[in-house]
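FYI, it's all coordinate maths here, none of it is from the lab. Keep in mind it's a predicted model, so treat the numbers as computed, not measured. Cβ placement follows ideal geometry from the backbone for every residue including glycine, while neighbour counts extend to all protein chains displayed.
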Amino acid sequence: MPVIQVKNKSVHIQELNKGARETVVLVHGMFSNLSVYYFNIAPVLAQSFHVVMYDMKSHGMSERCEYGYDLLSMTDDLRDLLDALHLKSVYLAGYSYGGLVAMKMAMRYPSRVKKLAVIEAPDPSDNETLSIIDIYSKEFLVDYINNYTDTTRMRMGKRQLDKNHRMYEYLFYETSIKEDMHNERFFFADDAIGNIAHDTLLIYGKSSNCLPSGRKLYHTVPRSKMTLIEGDHNLPIQQPLETANKLKDFFVGWQVKFKQINHKLWQALRLSYHH
Amino acid sequence: MDAITTQHKLSNEEIFTILKSFITEVIGEEFVEDMDISRESSFTRDLEMDSIEIVSFSEKVKSHFGEHIDFTGWLSSMDLDQLINLKLDDIINYIETCQSSK
């Protein structure tokens, strides 16, 4: 199990197609883990790229940490991970809160991001996440999971319920996550968002309650384009292949495809010349 | 030379035993004691494994059986329903098929 040390903290990472020239880094959302990409999305991207997934602190199989869930700390973590893996510049995609991390990364370290993809990132000022944290209880978790089960068809038994409950209790009552996320509520008003110079793809679900957030970003991020897929906020679970193909096409880009076609044509011409 | 380099092909039963030990490592012995892990056990419904546990399990399968099987590739060809309904027996059969096509 690849658990690496990054600044004296254990970070669980997964890599596919190591050795490919270009790298895609995938950032998961809060209260989730890298498995949101591992089964379907990452293998598609790995057809063309070296793919790196990692578990955020206290999530999945990464080490627990009491502090640092704000976007500055989360992008410090990501920068440290890129350093540890000797990755100078990468194609970056983030889902939900991970989408905000990806945007912040492009704002703070523009040279380390080649292209930016944001999947279902919420506007922290009108997002339900914060109210969820305030009203959290085990009963709430059961309701939440039942709803999640309906929209994703994933089931959860008692052991899983207890495991999730332990994670939420730790994060909500023993870490600074609540305060840190609350402090990011004005993130969409940050002028620096309007200065993101990267080609940016915004992927949102047609019936997602985050869709208005996506539209706001579309109007603010200069080089952004928006693509809608059938589904709600759980898009990467509901439509993994479509999500993966949109990401792949965006990261590969028409310039690269053009080069590939050109290369094939030249090869064909050279072959016909030799014959 | 061939006889030396040819790896021993594992029987269906041997593969089952190995996979059971991986499941125990992933979800912990205290939970496995109360479970009856059979070939018909499904990962999500019967074994109650969540996706990050299935990631751990997949990594163990990959590092044990190595390059002979493209386990992640095989899983990625499945849709959500197939993943949810995936049984231990499906994996055993897949590994057996890979061994015989080597």
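Of the residues A:Phe258, A:Phe251, the single one that is assigned to a helix (DSSP H, G or I), of a type in the set (Phe, Trp, Tyr) and crowded, with 17+ Cβ neighbours inside 10 Å is A:Phe251. Looking at the range B:39-53 only, could you name the residues that are touching a residue at least 12 places away in the same chain (Cβ under 8 Å) and out of contact with any helix residue (DSSP H, G or I) (no Cβ under 7 Å at 6 or more places or on another chain)? B:Ser42, B:Arg45, listed by residue number.
Criterion first (in a helix (DSSP H, G or I), closer than 30 Å to A:Ser58 by Cα and touching a helix residue (DSSP H, G or I) at 6+ places or on another chain (Cβ under 9 Å)) does B:Leu75 satisfy it? The answer is yes for B:Leu75. Of all residues assigned to the range B:38-46, at least one qualifies as being at the interface with another protein chain (Cβ under 9 Å from one of its Cβ atoms), of a type in the set (S, T, N, Q), buried (at least 18 other Cβ atoms within 10 Å of the Cβ) and not in a helix (DSSP H, G or I).
Name the residue that is farthest from the other protein chains (Cβ to nearest Cβ), counting only residues in the range B:50-79 that are farther than 24 Å from A:Ala244 by Cα and not acidic (Asp, Glu). Checking each candidate, the answer is B:His68. Just to be sure, is A:Val52 among the aliphatic types (A, V, I, L, M), touching a residue at least 12 places away in the same chain (Cβ under 8 Å) and either under 15 Å from A:Gly98 (Cβ atoms) or away from chain B (no Cβ under 11 Å) (or both)? It is true that A:Val52 is among the aliphatic types (A, V, I, L, M), touching a residue at least 12 places away in the same chain (Cβ under 8 Å) and either under 15 Å from A:Gly98 (Cβ atoms) or away from chain B (no Cβ under 11 Å) (or both). Give the residue that is farthest from B:Thr72 (Cα to Cα), with candidates limited to residues of the range B:14-37 that are assigned to a loop (DSSP other than H, G, I, E, B) and at the interface with another protein chain (Cβ under 10 Å from one of its Cβ atoms). The qualifying residue farthest from B:Thr72 (Cα to Cα) is B:Asp34. Scanning the range B:82-102 for residues that are under 22 Å from A:Asn40 (Cβ atoms) and either in a loop (DSSP other than H, G, I, E, B) or of a type in the set (Asp, Glu) (or both) yields B:Asn85, B:Leu86, B:Asp90.
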